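**Student:** One structure coming up, written as structure tokens, with questions to follow.
Every read-out reported here was derived from the displayed coordinates using simple, explicitly stated rules and does not represent laboratory data. The shown structure was predicted, so the numbers you read here are calculated from the model rather than taken from an experiment. Neighbour counts run over all protein chains shown; Cβ positions are idealised from the backbone, glycine included.
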There are 2 protein chains.
Amino acid sequence: MVKQTYQFSTASVDYYFNGSMEQLSAIADTNSTVLITDENVFAAHTAKFNGWKTIVMKAGEAHKIQSTVDDVIRQLIELGADRKSTVVGVGGGVVTDMVGYIAAVYMRGIACGFIPTTILAMVDASIGGKNGIDVGVYKNMVGIIRQPSFLLYDVSLLESLPLKEWENGFAEVIKHAAIKDAAMFDELEQHSIAYYQDNKEALQQLIERNCLIKTKVVQEDEFEKADRKLLNLGHTLGHAIENKYELMHGHAVTIGMVAAAKISEEINNFSSAEKQRLTKLIEQYGLTSSFAFDKAEAFETLKKDKKKAQDVMQYVVLNKIGEAKVMNIPLVQLKELIENL
Amino acid sequence: MVKQTYQFSTASVDYYFNGSMEQLSAIADTNSTVLITDENVFAAHTAKFNGWKTIVMKAGEAHKIQSTVDDVIRQLIELGADRKSTVVGVGGGVVTDMVGYIAAVYMRGIACGFIPTTILAMVDASIGGKNGIDVGVYKNMVGIIRQPSFLLYDVSLLESLPLKEWENGFAEVIKHAAIKDAAMFDELEQHSIAYYQDNKEALQQLIERNCLIKTKVVQEDEFEKADRKLLNLGHTLGHAIENKYELMHGHAVTIGMVAAAKISEEINNFSSAEKQRLTKLIEQYGLTSSFAFDKAEAFETLKKDKKKAQDVMQYVVLNKIGEAKVMNIPLVQLKELIENL
């Protein structure tokens, strides 16, 4: 287990790479800690929760809502959790998003840590302190930005992860490459999910590299005034269709990334050849590059996105592979761009 | 209208004293601002909401719960409120507590201001950034500490305030005097609620003095590691009985203050004569000094208080009038002290 500490504006976060969940007791006190997980993770790794107070939530994005938060809070009260308690979210992005939010508001904020159990949560959801829940079709409409105390990485937890969840996580890896790391994009083009599943060392390195890309972006712009917005590549449109069509997050994001690449070609001189490379890489990792959706309806949902300010949407576009920027696109223009996708 | 700006750790707050609600448009943009109030305040001051987008909540502590928050959030989405929007809570402590919380979590935090309409909200609830909602019998179990952008004081709003709400607010004024300001305690002993109702200048000064007492305590200890805890005088026991017996907050607090005075006499050499002065002042302002409650049950609720850490309660006791401190009282001892009240 290798500890690295990163400083954010209001807190420092300890990252434990190459760790194992068995080492949690070295980080968190068993008496005052409550683990929070979902049914699937608990079923796959029951023995690892032995000796810990544990709350098990229903699994899936459909339960990433306030009523689940209410249930967990009632259970924390019953367990006697107080201001000195720590909660640890063990699971994918839905779990870490919810546990981060619960920790932020329970008794006006208690300590929390995450043990991500999916690629998506490892390289993206658990990093950066964004948490939240959905309201109707609006993703992450309610939440806070607040850093966890620690992140514990145990890649052995990925052994039970279905292939579709590997694909789901690689959407964010490809996104990181597209906005920040052309060399990683090249590396990804040479490999496949099977390669990373078979090469634990390569996987560890890929995860750490992605953690650091995201961490660096967040450190420089924790409250999303500037560069952090780039992490939203593919997410504005992705979020607008994800819940409606019950898409996995990664697929919604890659559909959104290809759309963003087309829009970038249209209004930002992004080259057609690089758009092809991005589309091909997305397909190479089992992800969706095109999908028929109701464009008028998606635009109506998208207008409610958090990144809208009055009549303009802050939309992430690509300059080239490895470099992106935010453009303020008037809603009237964006409507047309989406209709013409 | 006199503007004073106070700096807190992560934000500065503008206080507009001697203001009027009509001047709100000089502070907040009518297009991007949503006022949130309750049925009672809206009925009493309907004309003042003309020209503003307004959300009206049900009135009263019983509605200071998550389902009300959920309703307001749905209405904010319908109104198209975005990250650049401001919400302004117009009302008593229930309204400002809830609006502060909603603003903190809506789209991961939007700007908010308060126009307090009760003595309690003016001198206490609207200041310091604590917000929250109740969970069952547990008061403010869920919430955040986050400063508003501004506070606008309009004492003409108090003209519609029933006498019982004046009394309710003076509980916190007496508390401020008891923990921090012996001279103000003397002044209060010489007057009555009727005096402050008839002397607008004396009222303005009293409100400003109390705002500054609370502001100074919070500035020095925003996240309640030390001195801010003193503001909890009377609140630990008060909260444990308030919802159960449907007491007004002020009465719950004064019952709690007299209990704290007795405990202080028992374990902190607080004088019997000063205990009598405090009891007399509480009664002089129409508040409750003694009340028969189920002590065993109250202790069980109190054990779930946020100020408990493992087997010890951080309890505020008086040294003398105008000076208080926090004592760590083991739960076993506290149980006995409460049984013997």
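**Student:** In chain A, once you exclude exposed trypsin sites (Lys or Arg not before Pro) (DSSP loop, at most 16 other Cβ within 10 angstrom), what's the longest stretch remaining?
**Tutor:** That gives A:85-224 as the longest site-free run.
**Student:** Which shape class applies to segment B:2-160: rounded if a/c is under 1.5, otherwise prolate when a/b exceeds b/c and oblate if not, where a ≥ b ≥ c are the square roots of the Cα gyration tensor eigenvalues?
**Tutor:** Judged from the Cα gyration tensor, segment B:2-160 comes out rounded (a/c under 1.5).
**Student:** To continue, here is another question. How many percent of DSSP beta bridges within segment A:6-109 run antiparallel, rounded to 5? Write out the running numbers ahead of the final one.
**Tutor:** Values: 2 of 12 bridges.
Looking only at bridges with both residues in segment A:6-109, the antiparallel portion is about 15 percent.
**Student:** Pick from B:Ala47, B:Ala183, B:Ala252: which is most flexible by mean-square fluctuation in a GNM of chain B where alpha carbon atoms under 10 Å apart are linked?
**Tutor:** Residue with maximal mean-square fluctuation among B:Ala47, B:Ala183, B:Ala252: B:Ala47.
**Student:** Does chain B classify as rounded, prolate or oblate by the C-alpha gyration tensor (a ≥ b ≥ c root eigenvalues; a/c under 1.5 gives rounded; else a/b over b/c gives prolate, otherwise oblate)?
**Tutor:** On the way: a/c = 1.84, a/b = 1.46, b/c = 1.26.
Because a/c hits 1.5 or more and a/b exceeds b/c, chain B counts as prolate.
**Student:** Tell me what chain A gives for mean residue ellipticity at 222 nm when only DSSP H runs of n ≥ 4 count, each as -39,500 (n - 2.57), the sum divided by the residue total, rounded to 500 deg cm²/dmol.
**Tutor:** Values: 12 runs with 144 residues, N = 341.
It lands at -13000 deg cm²/dmol.
**Student:** Now a separate question. Which angle from 0 to 90°, rounded to the nearest 10, does the C-alpha axis of helix B:93-105 make with the longest principal axis of chain B?
**Tutor:** Between helix and principal axis, roughly 60 degrees.
**Student:** Given a cut-off of 24 Å, name the pairs among B:Lys175/B:Lys308; B:Lys164/B:Lys262; B:Lys64/B:Lys325 whose C-alpha atoms lie farther apart than that in the structure shown.
**Tutor:** B:Lys164/B:Lys262; B:Lys64/B:Lys325
**Student:** Name the residue farthest towards the positive end of the dipole of segment B:1-113 from the options B:Gly80, B:Met98, B:Ser67, assuming +1 on Cβ of Lys and Arg, -1 on Cβ of Asp and Glu, about the Cα centre.
**Tutor:** Final value for the positive-end residue is B:Gly80.
**Student:** Could you work out how far the C-alpha centroid of segment A:1-31 sits from that of segment A:268-288, in angstrom?
**Tutor:** Cα centroid to Cα centroid, the span is 36 Å.
**Student:** What average number of partner chain Cβ atoms lie no more than 10 Å from the Cβ of the residues making up B:105-113? Mind dumping the intermediate values first?
**Tutor:** On the way: counts 10, 5, 11, 15, 4, 1, 0, 0, 0.
For this peptide, the per-residue mean of nearby foreign Cβ atoms is 5.
**Student:** Okay, next question. Quick one: order B:Val123, A:Val137 by neighbouring beta-carbon count within 10 Å, fewest to most.
**Tutor:** Values: B:Val123 26, A:Val137 15.
Fewest to most other Cβ atoms nearby, the residues stand as A:Val137, B:Val123.
**Student:** Another question about this same structure. Fewest Cβ neighbours within 10 Å first, please rank B:Thr33, A:Thr118 accordingly.
**Tutor:** Result, fewest neighbours first: B:Thr33, A:Thr118.
**Student:** Now for a separate question. Between the helical axis of B:66-78 and the dominant principal axis of chain B, each derived from Cα atoms, what acute angle in degrees is found, rounded to the nearest 10?
**Tutor:** Computed tilt is about 10 degrees.
**Student:** Counting only DSSP beta bridges with both residues in segment A:52-193, what percent are antiparallel, rounded to the nearest 5?
**Tutor:** Details: 3 of 11 bridges.
Percentage antiparallel, nearest 5: 25.
**Student:** Count charges around B:Gln197 for me, please; just the other residues with Cβ under 14 Å from its Cβ, Lys/Arg as +1, Asp/Glu as -1.
**Tutor:** Surrounding charge for B:Gln197 is -3.
**Student:** Continuing with this model, one more query. Across 20 Å bins from the origin, how do the percents of Cα pairs in the protein assembly as shown run, short distances first?
**Tutor:** Pairs per bin, as whole percents: 18, 47, 28, 7, 0.
**Student:** Now for a separate question. Cα gyration tensor of segment B:283-341, axes a ≥ b ≥ c as square roots of the eigenvalues: rounded (a/c below 1.5), prolate (a/b > b/c) or oblate?
**Tutor:** Because a/c hits 1.5 or more and a/b fails to exceed b/c, segment B:283-341 counts as oblate.
**Student:** What number, in percent, do you get for the relative contact order of segment B:163-339 if the mean sequence gap of Cα pairs under 8 Å and at least 6 apart is divided by its residue count? Mind showing how you got there, number by number?
**Tutor:** Numbers: 236 pairs, mean separation 50.1, N = 177.
Once divided by the residue count of segment B:163-339, the mean separation gives 28 percent.
**Student:** Counting Lys +1, Arg +1, Asp -1, Glu -1, what net charge surrounds B:Asp227 among other residues with beta carbon under 15 Å of its beta carbon?
**Tutor:** +4
**Student:** Choose one of A:Phe150, A:Ser9, B:Pro116: the residue whose Cα lies farthest towards the positive end of the charge dipole of the protein assembly as shown (beta-carbon charges +1 Lys, Arg; -1 Asp, Glu; about the Cα centre).
**Tutor:** A:Ser9
**Student:** Give the residues of segment A:187-204 whose amide nitrogen is closer than 17 Å to a point set 7 Å from the Cα of A:Asn18 in the direction of its Cβ.
**Tutor:** A:199-204, by backbone N distance to the label point.
**Student:** So, counting K/R as plus one and D/E as minus one, what does the shell of residues with Cβ under 9 Å around B:Lys275 add up to? Could you put the intermediate results ahead of the total?
**Tutor:** Values: positive: B:Lys262, B:Arg277; negative: B:Glu265, B:Glu274.
With Lys, Arg at +1 and Asp, Glu at -1, the neighbours total 0.
**Student:** Let me ask something additional. Springs between alpha-carbon atoms under 10 Å, Gaussian network over chain A: tell me which of A:Gly92, A:Gly109, A:Gly80 tops the mean-square fluctuations.
**Tutor:** Judging by the Gaussian network model, the answer is A:Gly80.
**Student:** Quick one: dipole size for segment A:163-339, taken about the Cα centre, charges +1 on Lys/Arg Cβ and -1 on Asp/Glu Cβ, in debye to the nearest 20.
**Tutor:** In debye, rounded to 20, segment A:163-339 gives about 360.
**Student:** Could you sort out which of A:Lys214/A:Lys307; A:Lys225/B:Lys216; A:Lys216/A:Lys303 sit more than 22 Å apart by Cα distance in this structure?
**Tutor:** Those over the limit are A:Lys225/B:Lys216; A:Lys216/A:Lys303.
**Student:** Let me know the mean shielding of A:80-90 by other chains, meaning the per-residue number of their Cβ atoms within 10 Å of its Cβ.
**Tutor:** The shielding value for this peptide is 2.
**Student:** Once the Cα atoms of helix A:272-284 and of chain A are each reduced to a long axis, what angle between those two axes, in degrees from 0 to 90 to the nearest 10, is obtained?
**Tutor:** The answer is roughly 40 degrees.
**Student:** Hey, another quick one. Nearest-5 percent of antiparallel DSSP beta bridges in the protein assembly as shown?
**Tutor:** Among the beta bridges of the protein assembly as shown, antiparallel pairing accounts for roughly 50 percent.
**Student:** Okay, moving on. Using the Cα centre as the reference, give the magnitude of the dipole from point charges on the C-beta atoms of the protein assembly as shown (Lys, Arg: +1; Asp, Glu: -1; all else neutral), rounded to the nearest 20 debye.
**Tutor:** 560
**Student:** Another question about this same structure. Reachable aspartates and glutamates from A:Lys335, Cα under 13 Å, same-chain residues fewer than 8 places away excluded?
**Tutor:** Cα-Cα hits under 13 Å: A:Asp294, A:Glu297, A:Glu300, A:Asp311.
**Student:** Which Rg and Dmax, in Å, describe the Cα atoms of segment B:163-339?
**Tutor:** That works out to 15.6, 48 Å for Rg and Dmax.
**Student:** Which is farthest toward the positive dipole end of segment A:208-341 among A:Ala324, A:Ala261, A:Ala309, measuring Cα position about the Cα centre, with Cβ charges +1 (Lys, Arg) and -1 (Asp, Glu)?
**Tutor:** Going by the Cα projections, it comes out as A:Ala324.
**Student:** Sticking with this one: Just want the ordering: B:Ile179, B:Ile144, from fewest to most Cβ atoms lying within 10 Å of their own Cβ. Please list the in-between numbers first.
**Tutor:** Working: B:Ile179 25, B:Ile144 20.
By the 10 Å Cβ count, ascending: B:Ile144, B:Ile179.
**Student:** Still on this structure, I have one more. With contacts defined as alpha carbon pairs under 8 Å and 6 or more residues apart, what's the relative contact order of chain B in percent?
**Tutor:** Worked out over chain B, it gives 15 percent.
**Student:** Would you mind working out the magnitude of the charge dipole of segment A:164-253 relative to its Cα centre, with +1 at each Lys and Arg C-beta and -1 at each Asp and Glu C-beta, to the nearest 20 Debye? Walk me through the intermediate numbers first.
**Tutor:** Details: 11 positive and 17 negative charges, 50 e Å.
Approximately 240 debye in magnitude.
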